[in-house]
1. I'd like to verify a number: residues in the stretch 153-186 that are of a type outside the set (Gly, Ala, Ser) and outside any loop (DSSP other than H, G, I, E, B), how many?
2. Do any residues in the stretch 390-405 that are of a type in the set (Phe, Trp, Tyr) have Cβ atoms under 9 Å from those of residues that are open to solvent by less than 30 Å² (accessible area, probe 1.4 Å) and outside any loop (DSSP other than H, G, I, E, B), where the two are at least six apart or on different chains, and which pairs are they?
3. For the stretch 11-96, which fully contained helices (runs of 4 or more DSSP H) count at least 1 residues that are under 42 Å from the mean Cα position of the chain (by Cα) and among the hydrophobic types (A, V, I, L, M, F, W, C)?
4. With the condition kept exactly as written, say whether any residue in the stretch 729-747 is of a type in the set (S, T, N, Q) and modelled with pLDDT under 75.
5. Could you pull out every one of the helices (runs of 4 or more DSSP H) wholly within the stretch 548-644 that has 2 or more residues that are in contact with a helix residue (DSSP H, G or I) (Cβ under 8 Å, 6 or more places away or on another chain) and under 20 Å from ALA715 (Cβ atoms)?
6. When you check GLU345 against the structure, is it of a type in the set (Asp, Glu), closer than 20 Å to TYR414 by Cβ and either open to solvent by less than 50 Å² (accessible area, probe 1.4 Å) or touching a residue at least 40 places away in the same chain (Cβ under 8 Å) (or both), yes or no?
7. Out of curiosity, is ALA44 hydrophobic (A, V, I, L, M, F, W, C), surrounded by 16 or more Cβ atoms within 10 Å (Cβ to Cβ) and within 27 Å of LEU174 (Cα to Cα)?
8. Got a number for residues in the stretch 97-122 being assigned to a strand (DSSP E or B) and closer than 30 Å to PRO533 by Cα?
Amino acid sequence: SRASAKELSELAETLADTQPAGSLVSKCRSLDQGRAVVTFLDAASEKALRSTVALTASRGRGKSAALGLAMAGAVHLGYANIFVTAPSPENLKTLFQFVLKGLDALGYKEHIDYDVVQSNVPAFGKAIVRVNIFRNHRQTVQYILPHENAKLAQAELLVIDEAAAIPLPTVRALLGPYLVFLCSTVNGYEGTGRSLSLKLISQLRESGAKLGSGEGAVGRTFREVLLEEPIRYAPGDPVEAWLHEVLCLDAAQSLPRPPPRLPHPSQCELYYVQRDTLFSFHKASEKFLQQMVSLYVASHYKNTPNDLLLMADAPAHHLFALLAPVDETQNVLPDILAVVQVALEGNVSKRSAVNSLARGELPQGDLIPWTVGQQFQDPDFPSLSGARIVRLAVHPELPRAGYGTRCIELLKRYYQGEVASLDEDGVEGEDEEDEEARGEGENSEDEEGQGSKKKNKKQKGEDGGSKQLEKGEGTLLSETMGPRKRLPPLLVPLTDRKPERLHYLGVSYGLTQQLYNFWRKSKFEPLYLRQSPSETTGEHTVVMLCALEHFEVEGGTAWLQPFVTDFKARFMSLLGGALSKLPAALALSILDPRLTFSEADTQAAIQRGVTITRIDATPFTPYDIKRLQAYANNLVDYHLVLDLLPPLTGAYFAGLLPSSLSYAQAAILLKLGLQRRDISELEAELSLPTSQVLALFSKSMRKLYGHLRSVKEAAVERTLPKVQPASTEHLVPHEMTVDDDLNAAALAARNEIRSRHLQPEDLAAYAVAGADEDLAAAVGNQAPAAGGIVSVRASGGSASSAKPGVGGKKGSMLYAKQESSKKRGSPFPLGKKGPKKQKK
C-alpha cells in the first residue's frame, strides 16, 4: 500500500547514514521486509553467542530475500564463517541472489572483492554453494547439508532457510553456540511449518523468556519476526486466495480440533474415502479435503503439490480415515483422528521381472517389489501383491495415543478378509447400478438440456458445454464447472467394500528409533536398509513388510522369514562399514537378538557344538583360546583379544553362543565387535564411564569363553571310549539282607571283644576288699568331710593280694551294697559328723 511504501522510504532515509543497514533497507520492497532486515542486523551487531532470530511468514512475503540481505550485512560487520543450510541448494537460489545484491549495494565487486562457487553435483543443477570474500580478510558463505552439523565447530553465523522442510530433531541439532537466523514458511508445501511454530519456536520463546527474566542462566536469546505484507501479490489479491484454496496452501489453518472427549482407539473405526466425492467441490467434501491435507502438512516434513495430485487421481492409491464415534443425531462432519494413504503394488509378471533383473534396471513405480526383488535377486517377489503405506498422518495434538496403531491393525484385518461384509455381492451390484444410473441420468439431463426451453439457463449451459466437449466442439471457456451429482458416499465402511487380495503390507521411511519401534510394534519386519544416508535428512531409508494371511492366498506368512534372516545376516556384515555410525540401540533393535537363555538351552548348544572361524576361514586355534582364557582371568589387556571380537560377536548375535547377557553388555559387544569402534566412543553414547564399560566387557567375554570351553570339553568327552555296563544276568539276590548281615557281624564282634578283654579274673585285681562294717569302722561311723580321704585296711593282706570272697563279711558284694546304700541314703546317723580327714 501507499502508506507502507511511504513508511519504508522514511525508514530508508533514517538509516541512510547507518551502514550497512541504510544500503540494505533500500533494497527492500515492503515495510515488514525492511524491519526484518533491521532486526537481523541488530542481532548481528551484538555478536552474542546463543542468539536466535526466527522469521516466519506465508508464501510470497520475501523471506529468502530478507535473509540474503541480512547475510550481506553480516559479511560487512566482519563475520568470517557463515554457514547456510536448506533441504537442497536449489532452495537457496533466491537467497544467494540477494546475498550478491546486498554485497553489490555495499560496494563489493565480483572477482575483485568476492567470487562465487557453483556446485558440480548434477543433482544440484549448478546451484551456488559458496561465496568467498577477500576484501578485508578472508570470509566465506558456505552451504552445508542439514545433517552435517559437525562442520559447524568454527561457525559464527548459521542461516537455516526453509527450516520447516527439515526434520525437527535435525533443526535442534543445528543450534549451537553461535548466532542463528531461522526462516520458515507457515503454510504451503515446504513441510511442517505449523509443527515448527508449535514445537521448536515455542520452546525457543520460552527459553528466551526465562533468560530475560533471570530464571535461566543457560539458554538462547530469542527474537521473532513476522512478515504479513505480500510482495508477490497485491494486498487482498483474489488470485492469491484462489490459488491457496485450490492447492490447499492454507491447509495448516484448517487443522481439525481434537474431539472434546478423546475416544479409546478400540472405539474408532476406519473408513474408505471415495476420491470422486472428495474432489467433487461440494462444501462438505471440500472441508473434509482441507482437513486431510492439514494433517499431512502438520505431521510430515516432505510435502509437494504432487501429493495432492496423487490423492486426486493416482489409480493405485487409496485413502482411509480413522474417525471418532459418530453421533448420528448431529449433522456435522466426524472428527478426523488419522489419515492413511496406501498404494497397491506388485502383481508383476515373472517375465517382466526376469528381464528387468537381467538388465539391472528398475522400472518406475512398484517401489517395494522392485527394491526387494533386486536386493535378493528373486524374480518371484515382484509377482506378489502388496500395499505400500505412503502416508500415515495422525493429529499432531494426539501423539502416542494409539490411533496410528489402530489404523494399522484395521488395515491388516481388512486386507486379511477379517472385516467381513454383510453382503459383498449385493454391494458390488449396487455400485454397478449406481454407475449405470449415473450415466443414464447424465445422458437424460443432456438431452433435456438441449431440447427443453424451460430448463434453467445455468444447468443448460453446464450440460450443453459438457456435451459439446464430448463431441469435440466448443472450448473450455464454454464449459461451466459445478459440483457433480449422484456421487457415492464420501465415507464407506470397510464392511461395505470388498478388499483386494494381498500378500503383504509394506512401508518405506527414513530410519529413526521412534519410527522403527512403532512399525516393529505392528509386526513389520525389515527387509532392506539403504547404505548411504539421505542427503536431506541424513537418515537411512528402510523397507519393512508385514505378511498377511488371507483365505484366498496360499502359503500363509512363512515365506517372509527367509528374507528377514538373510537381511539380518547382511546387516551384521555392514555394521563394520557403511552403517558403522548407526546408534547401538537402533542396531540392536534391528537385529533383535535373544539375550536371555535357560540352562537347558545352554546345555543343548554345548552338546551340538559350534565352530567359530576367523577372517581367514580357519577355526580358532589353541593360541586364540589361551588368549581368551588369559583375558577372562584378568591377566592381559583387552587389546589382546580385539581381533577375536568380530567372529565371537557375530556368532553370539546369530544365536550360536547362548549365554545370557545384559542389554548394556550386548551394546558394548556390538560397538566393539561389529562396528569396530574405539572404546572411548562408547562412553558418550552409552553414558557410562570407561571403567564400567571395561568391566561389563570383561564379564561378557568371561561368559563367552566359558561357553567355548564347555563346548571343547564336551567335544573331547565325545571322543573318549564309553564305559560298557556289566551284565546282570548271573547276579542273584543275597539270602540275608544287608542290615541283618551287618547286625550279625556287629554281635559277633562284641562277643569276641568281651571274651578277649572282659574276663572276671582280670577284673578281680581291681576289686576293693572289705565289707560295709569294715568301711564304717574305718571312718569311725561318721561321714567323711568333703574332699577327705578315707584309708581302708584290707583284711587278710593288701588290696593287690585280695581274692574273690576274701576281706570280711560279704566282701564280694561290696559294690552291690554300696549302690543300695546310695539309694537308701547315708549310712551314718543324722546329727553325727563323719570322721575327720586323716593323713597317710
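The values are calculated or read from the model by the stated rules, or taken from the named source; none is laboratory data. These figures come from a predicted structure and were not determined experimentally. Here the Cβ is made from the backbone with ideal geometry for all residues, glycine too, and neighbour counts use every protein chain on show. These accessible areas exclude ligands, DNA and RNA; they are computed on the full protein's heavy atoms, side chains included. Shrake-Rupley method; radii C 1.70, N 1.55, O 1.52, S 1.80 Å.
1. Residues meeting the conditions: 16.
2. TYR403/PRO265; TYR403/LEU322; TYR403/LEU337; TYR403/ALA338
3. 31-46, 63-76
4. No, the conditions are met nowhere in the stretch 729-747.
5. Per the criteria, 599-608, 622-632.
6. Spelling it out, GLU345 is indeed of a type in the set (Asp, Glu), closer than 20 Å to TYR414 by Cβ and either open to solvent by less than 50 Å² (accessible area, probe 1.4 Å) or touching a residue at least 40 places away in the same chain (Cβ under 8 Å) (or both).
7. yes
8. So the count comes out to 3.
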